[in-house]
Amino acid sequence: MSGPRPRVARRGLTLVESIIASAILAVAITAVFSAVASGRAHADLAAEDLASTVAAEDLLARVLQDDPETLMDWNGHVEAPSELVDGDGTLLGSAVQRVGRRVHVEATSQSLLGGEPVPGWLVTIEMMNADGRIRHAISRWIPTQENDE
């Protein structure tokens with residue numbers, strides 16, 4: 001029996017197939033880690049936005065609780081990131097310590113329903129990130145009380 005031997009099918013991967021499979025795997029892993037990093041960055045921004053909103057509303061409530069005649073005392077009040085305190089002087093939670101806040105108070109007047117201008121105060125709370133850039137601001141206009149004489 002001398003004749004050609006039957007061809008035996010070989011199993012396994014060639015070197016080229018292994019390299020191609022490794023490259024495809026590397027691209028897939030890179031895409032997954034990129035998506036995770038992007039999601040983390042978006043989560044950090046959302047947390048900073050939420051923290052700044054909570055801190056702004058907290059300070060605005062404190063300012064508005066004071067006597068309207070002492071509103072100008074708040075003008076220029078600044079709290080740097082990691083130095084935010086509540087009304088008792090206690091540091092706020094670590095979640096809101098990522099931002100700073102600043103108060104501006106100015107005398108203004110507004111016409112209500114097209115009527116006569118009403119004098120009042122515009123109170124603005126500006127929220128800043130650690131770089132000092134303003135993230136957002138909230139404002140409230142408070143009419144001054146008329147003295148009945």
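Laid out as a table, the results:
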| quantity | calculated |
| --- | --- |
| Residue list for segment 98-127, filter: of a type in the set (A, V, I, L, M) and assigned to a loop (DSSP other than H, G, I, E, B) | Val99, Leu112, Leu113 |
| Thr70 being exposed (fewer than 11 other Cβ atoms within 10 Å of the Cβ) and not aliphatic (A, V, I, L, M) | yes |
| When residues of segment 114-141 are limited to those that are of a type in the set (A, V, I, L, M) and modelled with pLDDT of 90 or more, the one farthest from the chain's Cα centre (by Cα) | Leu122 |
| Set Ser111, Ser82: member being within 17 Å of the chain's Cα centre (by Cα) and of a type outside the set (A, V, I, L, M, F, W, C) | Ser82 |
| Any hit, segment 27-40, residues being among the small types (Gly, Ala, Ser), under 30 Å from Gln145 (Cβ atoms) and not in a loop (DSSP other than H, G, I, E, B) | no |
| Whichever residue in segment 66-97 is without any contact (Cβ under 8 Å) to a residue 12 or more places away in the chain and in a helix (DSSP H, G or I) and, among such residues, is nearest to Asp131 (Cα to Cα) | Ser94 |
| Residue list for segment 7-62, filter: closer than 30 Å to Trp141 by Cβ and among the acidic types (Asp, Glu) | Glu48, Asp49, Glu57, Asp58 |
| Test for Gly76: is it more than 11 Å from the chain's Cα centre (by Cα), at pLDDT 90 or above and exposed (fewer than 11 other Cβ atoms within 10 Å of the Cβ) | yes |
| Positions within segment 46-60 being without any contact (Cβ under 8 Å) to a residue 60 or more places away in the chain and surrounded by 12 or more Cβ atoms within 10 Å (Cβ to Cβ), in sequence order | Ala47, Leu50, Ala51, Val54, Asp58 |
| Yes/no for Gly100 being without any contact (Cβ under 8 Å) to a residue 40 or more places away in the chain and in contact with a helix residue (DSSP H, G or I) (Cβ under 7 Å, 6 or more places away or on another chain) | no |
| Test result for Ala37, modelled with pLDDT of 90 or more and out of contact with any Gly (no Cβ under 9 Å at 6 or more places or on another chain) | yes |
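The values are calculated or read from the model by the stated rules, or taken from the named source; none is laboratory data. Quantities reported herein were computed from a predicted structural model and do not represent experimental measurements. Reconstructed Cβ throughout: ideal geometry from the backbone, glycine too, with neighbour counts over all protein chains shown.
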